[in-house]
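**Student:** To start, I am sharing the structure in question, which I have written as C-alpha cells.
The values are calculated or read from the model by the stated rules, or taken from the named source; none is laboratory data. Keep in mind that what you see is a predicted model, and the values were worked out from it rather than measured. Note: ideal-geometry Cβ built from the backbone for every residue, glycine included; neighbour counts use all protein chains shown. Each accessible area value is taken on the protein alone, full model and side chains, heavy atoms only, with ligands, DNA and RNA left out. Shrake-Rupley method; radii C 1.70, N 1.55, O 1.52, S 1.80 Å.
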Amino acid sequence: MELAHRTVLVVGGTSGIGRELARRFAAAGSTVAVAGRNADALAELAAEGFSTFEADVTDDASVTAVRDAVLALHPDLDTVITMSGVMLLEDLRDPAHFEAARTTVDTNLLGTIRVVDAFTPHLVGRGAGTFITVTSGIAFLPFPPMPTYAASKAAVHAYSEALRVQLAGTGVGVVELVPPAVATAGQEQVNPHALPLDGFATEVMGLLAQEPTPDEILVEKVLMHRWAEREGTYDGLVAQRAQALSMLPGRQGAGQ
Ligand SMILES: NC(=O)c1ccc[n+]([C@@H]2O[C@H](COP(=O)([O-])OP(=O)(O)OC[C@H]3O[C@@H](n4cnc5c(N)ncnc54)[C@H](OP(=O)(O)O)[C@@H]3O)[C@@H](O)[C@H]2O)c1
C-alpha cells in the first residue's frame, strides 16, 4: 500500500505500537488521527500535530461519537487501525481472574468489532479503504499466563479472515498485523527477547509498503509463532512457554 497521502485513524494510538505507527504514517506523508482514553497522551500527540479524539472502545456510545467526530474532520478517512488492546495475566486456578477475562474480551475482541462496525459503512461507501486489525503471535502459539488474551487475539484473527471475505469486492481490504513481543507496555522489564519498537516499526512499514499488501503483516521474529503448528514445533514451544507460569503471583515454580 501507498504509505503517503492516506488519511489514517489509529484507535489505541496513545502509546506503544499504535503511537509509533501513527508517527511513521505521518512521517511518510499521511494525515493521521489518534484515538484513545489517556487525555494527557492525547494532548501530547495534539501538540505534535495529530488530530486527537477521546475514545473508549468498550463503550458503544463512545465509539459512535468518535466515528462522527473523526469523519466530520476527516471525510477522506481511508485507513482504520484497530490497535486498542490490553494484555492481562490470569491465574485460572483463581476464579477472580474472570474480571480480567471480561475486560480482555470487551477491549480486544468486542472493541475491534465496535470500531470496525462504526467505520465499515464509510469505507464501503467510498469504495476504497483498509482496515488494519491487530492480533499477536500469541493468537497462534498460546502463552499460558495470558489465556484470555490468547483467546481474544485468536478470535480477532478469525474475525479478520471473515471480514476480508465479506468485504471482498467493496474496495475495502483487511490487513492483520501480527506482532511478536515488542518492547512496549512494560514488556521490556519482563521479556528480554522483546523486539525494540523502532526496528519493529521499520519492518512493519516495509511490509505494509509492499504491493499488493500482504493479508498478514508478519515480521521475521513472529514467523516461529505463526507457523509453529505447520512446522511441528507447537507442542514443544507451548511446553517451553509453560515455564512462564512462574510469573503469576502465587505460583512457586516453573509450570506449577
Ligand atoms: N507489545 C507487544 O509485545 C504486543 C505483542 C503482540 C500484540 N500486541 C498488541 O498490540 C497492540 C498495542 O499494544 P502495545 O504493546 O503498544 O501496548 P500499549 O502501549 O499498552 O498500547 C495499548 C493501546 O490500547 C489503548 N487502549 C486500551 N484499552 C482501551 C480502551 N478501552 N479504549 C481505547 N483504547 C484502549 C491504549 O490507549 P488508552 O490507554 O489511551 O486508552 C493504548 O493506546 C495491542 O492490541 C496488543 O495486544 C502487542
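**Student:** Output the residues belonging to segment 27-45 that are open to solvent by less than 50 Å² (accessible area, probe 1.4 Å), farther than 16 Å from V70 by Cα and away from the ligand (no atom under 16 Å from the Cβ).
**Tutor:** The answer is A28, G29.
**Student:** Against the definition (near the ligand (Cβ under 10 Å from one of its atoms), touching a residue at least 12 places away in the same chain (Cβ under 8 Å) and over 28 Å from L195 (Cα atoms)), how does V11 come out, yes or no? So that I can check it myself, show each step before the final result.
**Tutor:** On the way: near the ligand (Cβ under 10 Å from one of its atoms): yes; touching a residue at least 12 places away in the same chain (Cβ under 8 Å): yes; over 28 Å from L195 (Cα atoms): no.
Criteria not met by V11.
**Student:** Please list, ordered by first then second residue, the pairs with beta carbon atoms under 8 Å, 6 or more apart or interchain, first in segment 150-175 and under 18 Å from T104 (Cα atoms) and polar (S, T, N, Q), second open to solvent by less than 10 Å² (accessible area, probe 1.4 Å) and part of a loop (DSSP other than H, G, I, E, B).
**Tutor:** S160/T135
**Student:** State which residue is nearest to the ligand (Cβ to nearest atom) when the search covers only segment 188-209 and only residues that are among the aliphatic types (A, V, I, L, M), part of a helix (DSSP H, G or I) and at pLDDT 95 or above.
**Tutor:** From segment 188-209, those among the aliphatic types (A, V, I, L, M) are 190, 194-195, 197, 201, 204-205, 207-209; that's our starting set.
Narrowing the set further to residues that are part of a helix (DSSP H, G or I) leaves 190, 197, 201, 204-205, 207-208.
Filter once more, keeping what is at pLDDT 95 or above: 197, 201, 204-205, 207-208.
Numbers: L197: 8, A201: 10, V204: 11, M205: 15, L207: 15, L208: 15 Å.
Restricting to residues being among the aliphatic types (A, V, I, L, M), part of a helix (DSSP H, G or I) and at pLDDT 95 or above, the top hit is L197.
**Student:** Mind listing whichever residues of segment 142-154 are open to solvent by less than 30 Å² (accessible area, probe 1.4 Å) and either under 25 Å from E20 (Cα atoms) or acidic (D, E) (or both)? Reasoning before the result, please.
**Tutor:** Restricting attention to segment 142-154, the residues satisfying the condition of being open to solvent by less than 30 Å² (accessible area, probe 1.4 Å) are 145-146, 148-150, 152-153.
If the condition is that a residue be open to solvent by less than 30 Å² (accessible area, probe 1.4 Å) and either under 25 Å from E20 (Cα atoms) or acidic (D, E) (or both), then M146, Y149, A150, S152, K153 are the ones that fit.
**Student:** How many residues are open to solvent by 70 Å² or more (accessible area, probe 1.4 Å) and more than 16 Å from the ligand (Cβ to nearest atom) when one looks only at segment 55-72?
**Tutor:** So the count comes out to 2.
**Student:** Got at least one residue in segment 95-104 being in contact (Cβ under 8 Å) with a residue 24 or more places away in the chain, within 20 Å of V204 (Cα to Cα) and either among the small types (G, A, S) or open to solvent by 50 Å² or more (accessible area, probe 1.4 Å) (or both)?
**Tutor:** No, every residue in segment 95-104 fails to be in contact (Cβ under 8 Å) with a residue 24 or more places away in the chain, within 20 Å of V204 (Cα to Cα) and either among the small types (G, A, S) or open to solvent by 50 Å² or more (accessible area, probe 1.4 Å) (or both).
**Student:** Kindly list the number of the only condition in (1) closer than 17 Å to R23 by Cβ; (2) of a type in the set (A, V, I, L, M, F, W, C); (3) more than 15 Å from the chain's Cα centre (by Cα) that fails for A194.
**Tutor:** Result: A194 passes all but (1).
**Student:** For segment 14-26, which positions are under 19 Å from A118 (Cβ atoms) and more than 6 Å from the ligand (Cβ to nearest atom)?
**Tutor:** A22
**Student:** Does segment 73-94 contain at least one residue that is within 20 Å of I217 (Cβ to Cβ), without any contact (Cβ under 8 Å) to a residue 12 or more places away in the chain and either within 13 Å of the ligand (Cβ to nearest atom) or in a helix (DSSP H, G or I) (or both)? Don't jump to the end; show me each part of the working.
**Tutor:** Taking segment 73-94 as the starting set, the residues that turn out to be within 20 Å of I217 (Cβ to Cβ) are 78-85, 87.
Checking which are without any contact (Cβ under 8 Å) to a residue 12 or more places away in the chain leaves us with none.
No, segment 73-94 has no match at all.
**Student:** Of all residues in segment 199-216, how many are in contact (Cβ under 8 Å) with a residue 60 or more places away in the chain and open to solvent by less than 40 Å² (accessible area, probe 1.4 Å)?
**Tutor:** 6
**Student:** Another question, then. For segment 217-250: of the residues being in a loop (DSSP other than H, G, I, E, B) and open to solvent by 60 Å² or more (accessible area, probe 1.4 Å), which is nearest to G173 (Cα to Cα)?
**Tutor:** Of all residues in segment 217-250, those in a loop (DSSP other than H, G, I, E, B) come to 218-219, 227, 232-233, 248-250.
From what's left, open to solvent by 60 Å² or more (accessible area, probe 1.4 Å): 227, 232, 249-250.
Numbers: W227: 23, G232: 31, P249: 42, G250: 45 Å.
Among those that are in a loop (DSSP other than H, G, I, E, B) and open to solvent by 60 Å² or more (accessible area, probe 1.4 Å), it is W227.
**Student:** Do we have any residue at all in segment 167-187 that's open to solvent by 60 Å² or more (accessible area, probe 1.4 Å) and within 16 Å of the ligand (Cβ to nearest atom)?
**Tutor:** Step one: filter segment 167-187 for residues open to solvent by 60 Å² or more (accessible area, probe 1.4 Å), giving 168-169, 185.
Subset that is within 16 Å of the ligand (Cβ to nearest atom): 185.
Yes - at least one qualifying residue is present in segment 167-187.
One line per residue, one yes/no per condition, for (1) farther than 20 Å from L248 by Cβ; (2) more than 16 Å from the chain's Cα centre (by Cα):
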site	(1), (2)
A118	yes, yes
A128	yes, yes
F131	yes, no
V134	yes, no
F140	yes, no
F143	no, yes
A151	no, no
A158	yes, no
